[in-house]
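Student: One structure coming up, written as structure tokens, with questions to follow.
The values are calculated or read from the model by the stated rules, or taken from the named source; none is laboratory data. Please read these numbers as outputs of a predicted model, since none were measured by experiment. Positions of Cβ are backbone-derived with ideal geometry, glycine not excepted, and every protein chain shown enters the neighbour counts.
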């Protein structure tokens, strides 16, 4: 629903006029504050307990455990279903470290099919580093030995070894990157598909904001790639080569090997632990802040006109700038910490090499081998310093990994799998949920029933639906009307599975609606919902979302029923005409008719039409509605949600909702025969369309 005033405490109203809906008092449209919620309102994900705080008003970092407001920021234009659990901060019963480990375990479980490729990449990385270490040691021996002008045959093996090691180092590095990226790209394809499936399968569609969900799907999933390629593989390679370096040094001088081992422990264990401790808190805030900035970017671009209309552009920009400054400060802090730790690593490398030289000289090691030990110690400590980078990278990735793991941990029903039954729901005789779901196809008739359904979005808020009962047997056509905020869009959301009722039952063919798999339900129930999305693609591609294998005759029939065929034929590109991002190249009425044609082409057994004639003039609206109803296949049900009361005379029933309750019901003639909201609104609309309505102050 998109017309009329927006009612407080009603997230089912998308609020086209203003991205944030209403002001806290519910009186005027205003951009929503991302700060502390009003009483009875749950925290948005950015401010949920345990998550990194958003940008405070001052430049001082917020205290641990607090959630500071972000100023008057515009709320999102759209939302997408996504999982909760963004927080990355520690709690008393769930420390951040334990959550990070669980997140890595969840990600690595998906890497098992590619374990062989990853192990091969790790061994190749170790071979690369070992070749570099051996090259430095061999070249040092060659140069120092050549200074004594020995016979050339004594240097031949070393010369060949230097060339072989130099070439093999490049070959190993290339094959390691090839093998590692091949495995990781396959893995993140699986992870991204799993995350997207989880987002799409969740039915509480108002749970999260589209910018943050996009951040999870893109940048957070890329953290999985960095975990493997920048943490695990180089870390394992550095540890293995460090052990081999100590073993090689022990063959020359065991005391020098002991000193080298101590230096490697400092560079490979102590410094990484120090880097982790110094960057953990700042790194935990980066991923949530990036998600919040993505939300701000969507608000400022998609909601620019509405923000300007209500004078909220400055506040929204200020909030986004505060977050950007906070993120920049955190990244500068992380960079400075990394520079300091890297500098300490250089000092550790120099000190280790000097100590190795002193110990080797005292042990009576020859001059050439002392040089080999010194250069080898420098190279080994430099390789071990990769563990510092891996630890620092791991710290920065943990927040993103927790966010990804929260989605990976949610069950996604596989096609054809047996879904869990709702409490108190009996199995279908002669078959389980799989058979019932497969029966929920486009072509079969279905009986739908609402039985005392209630929906309350927040504790203490007024119910969006309160004891609504509705029968929609196969072939029946019902209209749901009422003032804005009456619960019409909530009714459609419950019907399509986007919102779960708090009370009562919704059954399809006697089976609870929640028992149907999310990927099967649209085949039985679907259509044109509020704010239907039009993709930046051609007319044909947008229509084929409804039925991918439809031929041109079916496309023609659907667009003719929606009143769009003449426009398509008038375009030079015809069906291949690009409609622009969100249908920006179309008028509002054309965009609505394109979405209606897509719904008619899909032809679900229960067709839901939410404001199908919005944006059309009265004559065109009546013609399109009549044509769309006539195009519905026999035996298919129709649930029409509309503010416009014209053209409803032929429907089987009209249900009037008011404040979430059924206020009136009956056919058009019955409702016109008795006083009530329907008759009053029908007369007002008829008079307005004839041009006779006189507005009085």
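Student: Given the condition assigned by TED's automatic domain parsing to the domain that holds residue 176, under 26 Å from the mean Cα position of the chain (by Cα) and assigned to a helix (DSSP H, G or I), answer yes or no: does some residue in the stretch 234-249 qualify? Lay out the reasoning, then the answer.
Tutor: Just the residues of the stretch 234-249 that are assigned by TED's automatic domain parsing to the domain that holds residue 176, to begin with: 234-249.
Remaining after also requiring under 26 Å from the mean Cα position of the chain (by Cα): none.
Looking for residues that are assigned by TED's automatic domain parsing to the domain that holds residue 176, under 26 Å from the mean Cα position of the chain (by Cα) and assigned to a helix (DSSP H, G or I), one finds none in the stretch 234-249, hence no.
Student: Tell me, which residue of the stretch 335-388 that is in contact (Cβ under 8 Å) with a residue 60 or more places away in the chain and not in a helix (DSSP H, G or I) is farthest from residue 129 (Cα to Cα)?
Tutor: Step by step, filter the stretch 335-388, then rank; the result is 363.
Student: Then there's this: Please specify each residue of the stretch 80-113 satisfying the condition of being more than 20 Å from residue 393 (Cβ to Cβ) and at pLDDT 75 or above.
Tutor: Within the stretch 80-113, 109, 112, 113 qualify.
Student: Please determine, by comparing only the residues of the stretch 601-614 that are touching a helix residue (DSSP H, G or I) at 6+ places or on another chain (Cβ under 7 Å) and farther than 23 Å from residue 657 by Cβ, which one is surrounded by the fewest Cβ atoms within 10 Å (Cβ to Cβ).
Tutor: 601
Student: Return yes or no: is residue 119 under 40 Å from the mean Cα position of the chain (by Cα), at pLDDT 85 or above and part of a helix (DSSP H, G or I)? Write out each step before concluding.
Tutor: Details: under 40 Å from the mean Cα position of the chain (by Cα): yes; at pLDDT 85 or above: yes; part of a helix (DSSP H, G or I): yes.
So residue 119 passes the test.
Student: Just one of 297, 304, 273 is more than 24 Å from the chain's Cα centre (by Cα) and at pLDDT 85 or above; which is it? Step through it out loud before you land on a result.
Tutor: Working: 297 fails: more than 24 Å from the chain's Cα centre (by Cα); 304 fails: more than 24 Å from the chain's Cα centre (by Cα).
None of the other options fit; the residue is 273.
Student: State all residues of the stretch 538-565 that are surrounded by fewer than 18 Cβ atoms within 10 Å (Cβ to Cβ) and under 17 Å from residue 587 (Cα atoms); if no residue qualifies, say none.
Tutor: Answer for the stretch 538-565, where residues must be surrounded by fewer than 18 Cβ atoms within 10 Å (Cβ to Cβ) and under 17 Å from residue 587 (Cα atoms): 538, 565.
Student: Which of the residues that make up the stretch 553-592 are without any contact (Cβ under 8 Å) to a residue 24 or more places away in the chain and in contact with a strand residue (DSSP E or B) (Cβ under 7 Å, 6 or more places away or on another chain)?
Tutor: Selection gives 585 alone.
Student: On to the next question. Tell me whether the stretch 541-549 contains one or more residues that are touching a helix residue (DSSP H, G or I) at 6+ places or on another chain (Cβ under 8 Å), farther than 26 Å from residue 474 by Cα and not in a strand (DSSP E or B).
Tutor: For the stretch 541-549, residues touching a helix residue (DSSP H, G or I) at 6+ places or on another chain (Cβ under 8 Å), farther than 26 Å from residue 474 by Cα and not in a strand (DSSP E or B): present.
Student: Mind listing whichever residues of the stretch 529-552 are more than 30 Å from residue 494 (Cα to Cα) and in contact with a strand residue (DSSP E or B) (Cβ under 7 Å, 6 or more places away or on another chain)?
Tutor: 538 - this is the single residue of the stretch 529-552 that is more than 30 Å from residue 494 (Cα to Cα) and in contact with a strand residue (DSSP E or B) (Cβ under 7 Å, 6 or more places away or on another chain).
Student: Just for the stretch 464-497: of the residues that are more than 24 Å from residue 681 (Cα to Cα) and within 29 Å of the chain's Cα centre (by Cα), which one is surrounded by the fewest Cβ atoms within 10 Å (Cβ to Cβ)?
Tutor: Filtering first and then ranking leaves 497.
Student: Follow-up. For the stretch 307-320, what are the residues that are farther than 21 Å from residue 582 by Cα and more than 23 Å from the chain's Cα centre (by Cα)?
Tutor: Taking the stretch 307-320 and keeping what is farther than 21 Å from residue 582 by Cα, we get 310-320.
Once the filter is applied, which keeps residues that are farther than 21 Å from residue 582 by Cα and more than 23 Å from the chain's Cα centre (by Cα), the stretch 307-320 yields 310, 311, 312, 313, 314, 315, 317, 318.
Student: Identify all residues within the stretch 582-610 that are over 22 Å from residue 301 (Cβ atoms) and assigned to a loop (DSSP other than H, G, I, E, B); write none if there are none.
Tutor: Scanning the stretch 582-610 gives 603, 604, 605.
Student: Name the single residue that is surrounded by the most Cβ atoms within 10 Å (Cβ to Cβ) among those in the stretch 504-537 being part of a loop (DSSP other than H, G, I, E, B) and over 26 Å from the mean Cα position of the chain (by Cα). Give the derivation first.
Tutor: Step one: list which residues in the stretch 504-537 are part of a loop (DSSP other than H, G, I, E, B), which gives 509-510, 516-520, 529-537.
Applying the additional criterion that residues be over 26 Å from the mean Cα position of the chain (by Cα) yields 509-510.
Working: 509: 18, 510: 11.
Among residues in the stretch 504-537 that are part of a loop (DSSP other than H, G, I, E, B) and over 26 Å from the mean Cα position of the chain (by Cα), the one surrounded by the most Cβ atoms within 10 Å (Cβ to Cβ) is 509.
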